[in-house]
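Encoded as structure tokens, the structure appears first; notes follow it.
The values are calculated or read from the model by the stated rules, or taken from the named source; none is laboratory data. All figures in this text were calculated on a predicted structure; none of them were measured in a lab. Don't worry about glycine lacking a Cβ; one is built from the backbone with ideal geometry, like all the others, and counts go over all protein chains shown.
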Amino acid sequence: MTCYGATHDVAHEVTTHLFGISPNHSGWTLLKEALGTSKKTWNLLTEGHLALGFADPVAATVLWAAGRRRADRLADSARYDWALIRKAWYFQAQARDPAASVFYTKSPPHLLIAGDLARRFRNAKFLFMVRNPYAVCESPCRYYRDLGMAAFTARFPGRSLPETAAAHVVACLSRQRLNLDAYGDRGIFFTYEDMCAEPERVAHAIQGLIPEIDDLNLRQRLLVKGKYNCLPTDFNAWQISRLDPGQVATLGRVFRRHREILDHFGYDLL
């Protein structure tokens, strides 16, 4: 049975707000779908910033952290109407049980405003995740290749796509480190690689953070992005293999200048 927030008092039922915080293209969709199968959670069908009525400066590009102006705009607390956002989220949320007490959503640009989420939502908790930076960069490189490079050059004149993708990932990892320093006691941290290799351990850690979610199962086949059913699977090697040697070299030059942040999260240069 599906329960709809539009016909239930979600604000009354929810006692915990759980937010997924990670860079985009980090492989979060499978976890989102798994949490949606729990009877203890209210969930959105889409990412939080794509919900109808979401009142904030929606990221206009997949590389929203690569440009200072875009990142500063997304991080500006004054631009967010959280009362309206909360109402929009609750109205569009769905659950398998109307008594579910955990509201969950994730939105990559919210990596920049974890502090707002912590202040604005009752009992806010976080799931922090990162992924191999080369694999993350492959997605925007493929996105703009398929969309057409004119769309990229219009947003980032005079910049190369791999260099911009790498700058975006470095900025995201740097902000995630700050998030963990400031709000690590409100959440748990794991990598995409952890989730794929040890889904039971990650599920157990999530249950430790949110005891109400006692029915979470990460080792199940789930429909991902409406395209395929799969168990937790590490696609890093496949995605990295799709980068050409020139892209790998360009990414490496940027990552080498920021080796410390890659080392911090345990990722190697290729």
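Give Ser107, Ser101 a once-over and let me know the one that is out of contact with any Phe, Trp or Tyr (no Cβ under 6 Å at 6 or more places or on another chain), among the small types (Gly, Ala, Ser), under 26 Å from Val10 (Cβ atoms) and buried (at least 22 other Cβ atoms within 10 Å of the Cβ).
When all the criteria are applied, what remains is Ser107.
So that you can scan it fast, the table gives a plain yes or no per residue for (1) touching a strand residue (DSSP E or B) at 6+ places or on another chain (Cβ under 7 Å); (2) among the aromatic types (Phe, Trp, Tyr):
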residue	(1), (2)
His12	no, no
Thr29	yes, no
Ser38	no, no
Trp42	yes, yes
Does at least one position in the stretch 84-100 carry a residue that is out of contact with any Gly (no Cβ under 8 Å at 6 or more places or on another chain) and either at pLDDT below 85 or aromatic (Phe, Trp, Tyr) (or both)? no
Of the listed residues (Arg256, Arg201), the one being more than 22 Å from Gly187 (Cβ to Cβ) and assigned to a helix (DSSP H, G or I) is Arg256
Checking Val62, Val136 in turn, the sole residue that is under 29 Å from Glu193 (Cα atoms), touching a residue at least 40 places away in the same chain (Cβ under 8 Å) and crowded, with 22+ Cβ neighbours inside 10 Å turns out to be Val136
Quick count over the stretch 137-167, residues being closer than 21 Å to Phe235 by Cβ and in contact with a Gly (Cβ under 9 Å, 6 or more places away or on another chain), is 2
(message) Take Thr153 and tell me if it is of a type in the set (Val, Ile, Thr) and free of Cβ contacts under 8 Å to residues at least 24 places away in the same chain.
(response) yes
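Specify which of the listed residues (Ala203, Ala249, Ala237, Ala197) is buried (at least 16 other Cβ atoms within 10 Å of the Cβ) and small (Gly, Ala, Ser).
Exactly one of Ala203, Ala249, Ala237, Ala197 is buried (at least 16 other Cβ atoms within 10 Å of the Cβ) and small (Gly, Ala, Ser), namely Ala203.
Hey, among Gly158, Gly184, Gly115, which residue is outside any helix (DSSP H, G or I), under 30 Å from Arg256 (Cα atoms) and small (Gly, Ala, Ser)?
On the way: Gly184 fails: outside any helix (DSSP H, G or I); Gly115 fails: outside any helix (DSSP H, G or I).
Answer to the selection: Gly158.
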Screening Gln239, Gln207, Gln247, Gln220 for residues that are at pLDDT 95 or above and under 27 Å from His17 (Cα atoms) leaves only Gln207
Of the residues in the stretch 142-168, those that are touching a Phe, Trp or Tyr at 6+ places or on another chain (Cβ under 8 Å) and of a type in the set (Val, Ile, Thr) come to Thr164
Screening Asp185, Asp268, Asp215, Asp181 for residues that are touching a Lys or Arg at 6+ places or on another chain (Cβ under 7 Å) and surrounded by fewer than 17 Cβ atoms within 10 Å (Cβ to Cβ) leaves only Asp215
Subset of the stretch 1-30, residues of a type outside the set (S, T, N, Q), under 10 Å from the mean Cα position of the chain (by Cα) and not in a loop (DSSP other than H, G, I, E, B), comes to Phe19, Gly20, Ile21
Residue set Ala249, Ala165, Ala171; condition aliphatic (A, V, I, L, M), over 17 Å from the mean Cα position of the chain (by Cα) and assigned to a helix (DSSP H, G or I); output residue Ala249
Restricting attention to the stretch 226-252, the residues that are of a type in the set (Lys, Arg) and touching a residue at least 24 places away in the same chain (Cβ under 8 Å) number exactly 1
Screening Ala150, Ala165, Ala83 for residues that are crowded, with 16+ Cβ neighbours inside 10 Å and of a type in the set (Gly, Ala, Ser) leaves only Ala165
